Amino acid sequence: MEVVLHYRPWQKDPAVLQKITEEALKEFPLRKLPSFIPWFPSHSCKLPFKPKRRPPIISAEEAEQVKQHLAIPETVCGSLIYDCTEGLQEFHSDLKAGQHIQAEYGKINFSSLGKQSANGSMKLRRSWSVSVPSSDLKDKIFPPSRELQSILENLKLHAFYRARWIIEPSTFNNQTLEDIWVKLNQMIKHNELPSCNATIRRCEDQIWVFCDILYCEYVGSNLRKKLNLGGIINLFVHRHGVIYSL
C-alpha cells in the first residue's frame with residue numbers, strides 16, 4: 001500500500017511525521033453488532049402492514065432501455081492522481097512560517113461610511129471590515145513568542161487557527177466606540193493588519209478583530225499603539241476562551 005503524507009515545509013520533524021503516519025494507518029476498532037430482532041412476529045404469513053398502493057408497472061420496452069443503460073460502462077473522468085493540497089499556499093515548498101496567507105478580497109470603500117445618500121436618507125452603517133492582501137509586512141512580522149508557543153502546544157492549536165482580539169469599553173481610553181471603529185477601518189484599509197477581519201458589536205459595546213494566531217501578537221501590539229488603547233486586550237479562541245492578553 002502506498003502512503004502519501006503532505007506536510008508544511010517548516011514542520012518536517014521525522015519523528016512527528018512518522019507518528020502521524022502510524023496513527024493514520026491504524027485499523028479502526030470493530031464492534032460486533034447485536035442480532036436484529038424484528039418488532040413483529042417473523043413467522044407470521046400476514047405482515048402487520050402493507051403498501052397502500054400497488055407497485056409501479058413498467059413496459060417491456062422501458063425495461064430493455066434500463067438494461068441497455070446499465071450495460072454501458074461509465075467513463076472515468078479526470079486524472080487518477082489526486083493532490084488534496086493543490087492550491088493551498090501553506091503547503092508550498094517556498095513558503096516560510098513568517099509569510100502570511102490571505103484570501104483575495106475586493107477593495108472596500110470606507111469614505112462613504114455613515115454619510116447620507118443623494119436622496120437624503122442615511123446609509124446603513126458598516127458592521128464588518130476585511131483586510132486585503134499585502135506583501136509589505138512580511139519582514140515586520142516575527143514568529144510567535146515562547147509564551148504563546150507554549151500555550152499553543154498545550155491547547156494543540158495550529159498557527160493558522162483563527163482567534164479574535166476583543167476591544168472593550170475598559171480599553172477605550174476616553175474614546176467612543178465609533179471613534180475606534182473609524183480608526184480601525186483606516187488601518188485595515190491601508191493593509192496594516194494581516195489576515196484580519198473585524199466586526200463592531202454595538203449592542204455589546206465591543207469590537208472584535210479576527211486574525212490568524214500566527215500574527216496575533218503583531219496585530220495586538222499594532223491595535224494598542226495605533227488605536228491608543230489602555231488597559232488589557234484579550235485574545236479569545238473558540239471553545240478555549242481567553243488564552244492570551246496584552
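Tabulated results
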item: Selection within region 202-220 - within 15 Å of N191 (Cα to Cα) and open to solvent by 40 Å² or more (accessible area, probe 1.4 Å); result: F210, Y218
item: Qualifying positions in region 135-193 - among the small types (G, A, S) and open to solvent by 70 Å² or more (accessible area, probe 1.4 Å); result: S135, S170
item: Enumeration of residues in region 1-15 that are closer than 19 Å to L25 by Cβ and either in contact (Cβ under 8 Å) with a residue 40 or more places away in the chain or open to solvent by 90 Å² or more (accessible area, probe 1.4 Å) (or both); result: M1, E2, V4, H6, Y7, P14
item: For R126: the one exception among (1) at pLDDT below 90; (2) surrounded by fewer than 16 Cβ atoms within 10 Å (Cβ to Cβ); result: (2)
item: K26 under 30 Å from E153 (Cα atoms), modelled with pLDDT of 80 or more and not hydrophobic (A, V, I, L, M, F, W, C); result: yes
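Every residue, every condition in (1) acidic (D, E); (2) assigned to a loop (DSSP other than H, G, I, E, B); (3) over 21 Å from the mean Cα position of the chain (by Cα), yes or no:
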site: K183; (1), (2), (3): no, no, yes
site: M187; (1), (2), (3): no, no, yes
site: N191; (1), (2), (3): no, yes, no
site: S195; (1), (2), (3): no, yes, no
site: A198; (1), (2), (3): no, no, no
site: C203; (1), (2), (3): no, yes, yes
site: F210; (1), (2), (3): no, no, no
site: L214; (1), (2), (3): no, no, no
site: Y218; (1), (2), (3): no, no, no
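This table checks each residue for (1) more than 24 Å from F142 (Cα to Cα); (2) in contact with a Pro (Cβ under 7 Å, 6 or more places away or on another chain).
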| residue | (1), (2) |
| --- | --- |
| I188 | no, no |
| C196 | no, no |
| R201 | yes, no |
| D205 | yes, yes |
| C211 | no, no |
| N222 | no, no |
| L229 | no, no |
| N234 | no, no |
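The values are calculated or read from the model by the stated rules, or taken from the named source; none is laboratory data. If you're wondering where the values come from, they're calculated on a predicted model, not measured in any experiment. So basically every Cβ, Gly included, is an ideal-geometry build from the backbone, and we count neighbours across all protein chains shown. The accessibility values were calculated without ligands, DNA or RNA, using every heavy atom of the protein model including side chains. Shrake-Rupley method; radii C 1.70, N 1.55, O 1.52, S 1.80 Å.
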